[in-house]
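Worksheet for the structure shown next.
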Amino acid sequence: MSDKPSFAIFDFGLFCSLAELLARRGCEVGYFCPWETSFCDGRELLIGEGLEGVTRIKYWDNVVDSYQHLLFPDCHCGDLQAYYRRKGYKVWGSGKGAELELLRWKTKERLEQAGLPVNECYRLKGTAALRKFFQGKEQKDGWYVKVSGLRGIGETWFARNYLEAKGMIDDLDCKHGIRACLFWFIVEKAIPDAKEIGYDGLSIDGQFPDKSFYGAEIKDKSYFGVLSDYSELPEPLKKVNAVCAKVMNEQQYRNGFSSELRDEYCIDLTARHASPAGEVIYEAIDNLTEVITAGAEGRLVQPEWTHKYGAQIILCSEFAEEHSLPLSFPEEIRPWVKIYNHARVDDEGPIGLADYFEPQVAKMKQIGSVIALADDPTEAADLCKERAELVHAFDLESSPDSLDEAMEEMQELVSGEPN
């Protein structure tokens, strides 16, 4: 290894773009994705292959001592991170503080104990209990259903009554069999006509930077964020952060962090590199290398932000849920295209070297995103839309117009007046 800052990244596929970004910033970067099972088929080994400036790591333990810093951008492996920290390694990651996201009910209890409002919600074990709930709890505004701790089971879903919920519950029983009896579900009453905002930044042992982004997300479509002095963030965001800070300090949380609030109610926490938003945040930090290297040691270095506004459009393809998906885009926008499960492979045929999204066991139609930064909100949105139009793949879909909705929500929030 050279004298450059060096990072070994332990990831599950979502944050290849962080490895690519650090490589572009002149760092030595290795990327590892766990792949060994009793019957591995190699799909995980493809993630991170061929990325410019990134060394693909096959066996983690062989190289862990060759890098100055270990990065865990996702929200798992808290025990492993704690072990490395005890051994003196410099680790950037959520550690056991990831429970803020993974243990949803415990987080709600913490918020309630701190005197913050908590929306009407219920904790249910197993699909039988979930059926019984919907048979007796019809609600005109509806309920949102989430699985606690197991992100791969599926996304949040919505139903008003048992008629609407039955198909999803049947599907859970069919797909997961006896395991469905053990899932913990969090069922939350919908909050109609609420404005959704969130903090988007990072935290080092419960400390937050003097400036951070906060933004509006249109689910699975887009994100628009605005840089703000921390003191000027909406009070509900700061109150939630204050509750989380206690856990973060205890667990040596050193990672990106985002929250999702509907009006004053905290709906979700993202105790990891967020997506969307995280790609915007890291790209906007000019001194990212210094922020991470210091953060891994428990020191907060203030980010030097390059722009005031960030825009992001999510790219989707249902075909990619089960098939390798080649993508094409102009080389000049490569830094702004953030691909999940990313690999660059030469098929030694008519396509040649190309960028791919490689599907994994957990099916997902979201294959990545396109981002833009600017000091003018309209410029950021327009630039993001232009870049999204330049990305091509089979069955590729995006919703550029949703970015206008996200931007309008933020402008209304900042001005305090409806548009």
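Computed quantities for the displayed model
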quantity: Candidate set from region 183-237 (those that are surrounded by fewer than 21 Cβ atoms within 10 Å (Cβ to Cβ) and polar (S, T, N, Q)); member that is nearest to residue 109 (Cα to Cα); calculated: 207
quantity: Selection from region 349-406 of residues that are free of Cβ contacts under 8 Å to residues at least 12 places away in the same chain and in a loop (DSSP other than H, G, I, E, B); calculated: 349, 350, 352
quantity: Condition check for residue 75: surrounded by 20 or more Cβ atoms within 10 Å (Cβ to Cβ), in contact (Cβ under 8 Å) with a residue 60 or more places away in the chain, out of contact with any Phe, Trp or Tyr (no Cβ under 9 Å at 6 or more places or on another chain) and not assigned by TED's automatic domain parsing to the domain that holds residue 257; calculated: yes
quantity: Top-ranked residue in region 195-222 [being of a type in the set (A, V, I, L, M, F, W, C) and within 20 Å of residue 263 (Cα to Cα); ranked as modelled with the lowest pLDDT]; calculated: 197
quantity: Residue, farthest from residue 278 (Cα to Cα), within region 302-331, restricted to residues that are surrounded by 18 or more Cβ atoms within 10 Å (Cβ to Cβ) and of a type in the set (S, T, N, Q); calculated: 317
quantity: Checklist (1) touching a strand residue (DSSP E or B) at 6+ places or on another chain (Cβ under 8 Å); (2) surrounded by 23 or more Cβ atoms within 10 Å (Cβ to Cβ) applied to residue 85, failing item; calculated: (2)
quantity: Checklist (1) in a helix (DSSP H, G or I); (2) of a type outside the set (D, E, K, R); (3) touching a Leu at 6+ places or on another chain (Cβ under 7 Å) applied to residue 249, failing item; calculated: (3)
quantity: Elements of type strands (runs of 3 or more DSSP E) contained in region 104-166, each with 1 or more residues being modelled with pLDDT of 95 or more and touching a Gly at 6+ places or on another chain (Cβ under 8 Å); calculated: 157-159
quantity: Residue within region 328-347 that is touching a His at 6+ places or on another chain (Cβ under 9 Å), touching a residue at least 40 places away in the same chain (Cβ under 8 Å) and assigned by TED's automatic domain parsing to the domain that holds residue 227 present; calculated: yes
quantity: Residue in region 186-193 that is of a type outside the set (Lys, Arg), closer than 20 Å to residue 409 by Cβ and under 19 Å from the mean Cα position of the chain (by Cα) present; calculated: no
quantity: Answer from 95, 136 - the residue that is under 29 Å from residue 358 (Cβ atoms), of a type outside the set (Val, Ile, Thr) and out of contact with any Asp or Glu (no Cβ under 6 Å at 6 or more places or on another chain); calculated: 95
quantity: Residue 268 being part of a strand (DSSP E or B), touching a helix residue (DSSP H, G or I) at 6+ places or on another chain (Cβ under 7 Å) and among the acidic types (Asp, Glu); calculated: no
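Residue by residue, here is whether (1) more than 30 Å from residue 300 (Cβ to Cβ); (2) buried (at least 16 other Cβ atoms within 10 Å of the Cβ) holds:
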{"residue": "93", "(1), (2)": "no, yes"}
{"residue": "102", "(1), (2)": "no, yes"}
{"residue": "116", "(1), (2)": "no, yes"}
{"residue": "126", "(1), (2)": "yes, yes"}
{"residue": "132", "(1), (2)": "yes, no"}
{"residue": "136", "(1), (2)": "yes, no"}
{"residue": "146", "(1), (2)": "yes, yes"}
{"residue": "156", "(1), (2)": "yes, no"}
{"residue": "162", "(1), (2)": "yes, yes"}
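The values are calculated or read from the model by the stated rules, or taken from the named source; none is laboratory data. All values reported here derive from a predicted model rather than from experimental measurement. So basically every Cβ, Gly included, is an ideal-geometry build from the backbone, and we count neighbours across all protein chains shown.
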